[in-house]
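Laboratory data are not the source of any read-out in this text; all were calculated from the coordinates shown. Keep in mind that this is a model prediction, so the values were computed, not measured. Neighbour counts are summed over all protein chains in view; Cβ atoms, including those assigned to glycine, are modelled from backbone coordinates with ideal geometry.
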Amino acid sequence: MILLKETIKRIGELDSKAMEKAKERVDNLIKPPGSLGRLEEIVIQLAGITGEIYPKVDKKAVIVMAADHGVFEEGVVVFPQEVTEIQTKNMARGVTGVCALAKYVGADVVPVDIGVKVDINEPGVINKKVKYGTDNMAKGPAMSREEAIRALEVGIEVAEEQIKKGKNILATGEMGICNTTPSAAIVSVIGGYDPFEVTGIGANFPVDKLKYKAGVVKRAIEVNSPNPKDGIDVLAKVGGLEIAGMAGVMLAGAANRIPVVVDGFISSAAALIACTIEPKTKNFLIPSHASKEKGAIYASELLGLKPMLYMDMRLGEGTGAVLALSLIESATYMNNEMITFAEAGISV
Ligand SMILES: O=C(O)c1ccc[n+]([C@@H]2O[C@H](COP(=O)([O-])O)[C@@H](O)[C@H]2O)c1
Ligand SMILES: Cc1cc2nc[nH]c2cc1C
């Protein structure tokens, strides 16, 4: 609890002076002001986060939190639960979707076992297991408040380790069969939405059975009555260990003034938890893609984070966040490489 409390305390405001200076530079680059759109906004946000007029995001890591879910026993997925274990190992072997895209983008993949239901003995997977999967949230709390806090702190620890190693931008990713179910519950509770509106197919659950899946989400909320104003309560009652870990990464990024790129639906649910715990966290988050998962648009709206990529993706793992890393880095190249009107001898 001490680490969590201390981390939250360190989260400050964006550096408005650095943002003003960055905006002035970006506006003076040789282009009609505003014409590089979101790239311009990104540089200004990065300046606010880092306090630098020439921010760098060249040391990239995607932290992939892996965990299992007790609500699996309610029959809300089509894939076997063992996929979590197998894919967690595959993250360290470099052969998953996020590994492929991270290789292209030049980002390290950091897989973390925060709650897979079996032991993962794979070199390269960081063992930070808090619990062998959550309990079935349709019958009671997914985990205790203490476990939720511990999982948040695992995320903080892993992020801080990466920051100590010199990473200047982080992305969140996850692997967890069943995790669209707790994510839908989180979005429903925090946003006050009907579970039927925010429950989607996840990893190809049949559309004609979605009512059943949403009913499980509804039951989990009714059984646990989470307090929407208390992010840790929501996390413990209807969340997941990997969701907690990602929320911890976001809090640590904000505390250390390092940008954190949010992946798809599950990462967005984690962002909602982090921002409920400390609303200032939002300023340090950068959205990536619009996940095709049904509830993703609601989560983005709640967060006030406008996606930058519309690629019809819904894999998770950090795939969309990693793609966005390349765009975010390209924004810093715009800032560093372009000349200004004055340098070109044009007076405007
Ligand atoms: O993040 C997303 O946008 C996303 C949307 C749908 C599915 N997923 C991934 O698929 C798994 C969850 O789907 P499910 O059907 O098992 O709940 C989990 O491992 C996620 O990484 C991820
Ligand atoms: C194969 C597979 C890979 C995944 N990666 C993230 N979620 C996943 C779900 C499945 C089923």
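Observations
- For segment 180-186, the Karplus equation 6.51 cos²θ - 1.76 cosθ + 1.60, evaluated at θ = phi - 60°, returns couplings of 6, 5, x, 5, 4, 5, 4 Hz by residue, with Gly and Pro reported as x.
- Förster radius 41 Å - calculated FRET efficiency between Arg38 and Tyr132, Cβ distance, rounded to 0.05: 0.45
- Comparing Thr181, Met308, Gln87 along the charge dipole axis of segment 60-328, the residue lying farthest to the positive side is Met308, per the Cβ-charge model.
- Measuring between alpha carbons in the structure, the pairs from Lys129/Lys282; Lys139/Lys209; Lys23/Lys167; Lys218/Lys306; Lys5/Lys164; Lys103/Lys306 lying more than 22 angstrom apart are Lys129/Lys282; Lys23/Lys167; Lys218/Lys306; Lys103/Lys306.
- Our estimate of slack between Asp108 and Glu73, defined as 0.36 nm per intervening residue step minus the Cα-Cα distance, is 9.2 nm.
- Considered as an equivalent ellipsoid built on the Cα gyration tensor, segment 26-115 has semi-axes of 39, 16, 13 Å, the largest given first.
- Listed values for segment 63-73 are Karplus-derived 3J(HN,Hα) couplings in whole Hz (6.51 cos²θ - 1.76 cosθ + 1.60, θ = phi - 60°), namely 9, 9, 8, 10, 7, 10, 9, x, 5, 3, 5, and x replaces Gly and Pro.
- Shown is the FRET efficiency for Ser326 and Asn283, computed with R0 = 22 Å from the Cβ-Cβ distance and rounded to the nearest 0.05: 0.50.
- Taking all pairs of distinct alpha-carbon atoms in the chain, Kirkwood radius in angstrom: 19.9 Å
- Projecting the Cα atoms of Pro32, Asn168, Phe265 onto the dipole axis of the chain, where Lys and Arg carry +1 and Asp and Glu carry -1 at the beta carbon, places Pro32 farthest toward the positive end.
- Put a dot 7 Å past the Cα of Glu222, heading toward its Cβ, do the same for Lys17, and the two dots end up 5.7 nm apart.
- Counting only DSSP H runs of at least 4 residues, each contributing -39500 (n - 2.57), and dividing by the residue count of the chain, the helix-based mean residue ellipticity at 222 nm comes to -15500 deg cm²/dmol.
- Between Glu24 and Ala203, the FRET efficiency from the beta-carbon distance, with R0 = 56 Å, is close to 0.75.
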